[in-house]
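Structure, as structure tokens:
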Amino acid sequence: MPPGTRRDLQPDTGLRERKKVKTRAAIQHQALRLFRLRGYQATTGGQITQAVEVSPSTVFRDFPATEDLVFPDDCAPVISAAIRAQPPDADPVRGVCATWIQPGTALWYRL
């Protein structure tokens, strides 16, 4: 969903909370843009904070690890379940990819 259109932004939500949701969406949007442009490994936290014009503490309060920037919040439970369902010797990335493209999942509808 584009920033600012999430279901979290109900009219009865306070201004502070709405701003947090919008900032979080903007951070994630810019991070993904930079990952596509420069590559995941080459993108720094400083580049992300500059693109969104927020402090590093703002980014890392909501996204403690760079990996947290990759998947939207509502995907995390589905991804976690896919990883846990894999046999111990399986590649977790393949499990997530298989889950992502499986028709009928919440992730599939994002394609």
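Only the coordinates and a few stated rules stand behind these numbers; no lab work does. Just so it is clear, the model here is predicted, and its values are computed rather than measured. Methodologically, a virtual Cβ is constructed for each residue, glycine included, from the backbone with ideal geometry; neighbour enumeration extends over all protein chains shown.
Details
- Length added when fully stretched, residue 57-residue 33, from 0.36 nm per residue minus Cα-Cα: 6.6 nm
- Pair residue 65, residue 42: separation of 7 Å Cα→Cβ label points (nm): 2.5 nm
- Relative contact order for region 15-64: 34 percent, from Cα pairs under 8 Å spaced at least 6 residues apart, divided by residue count.
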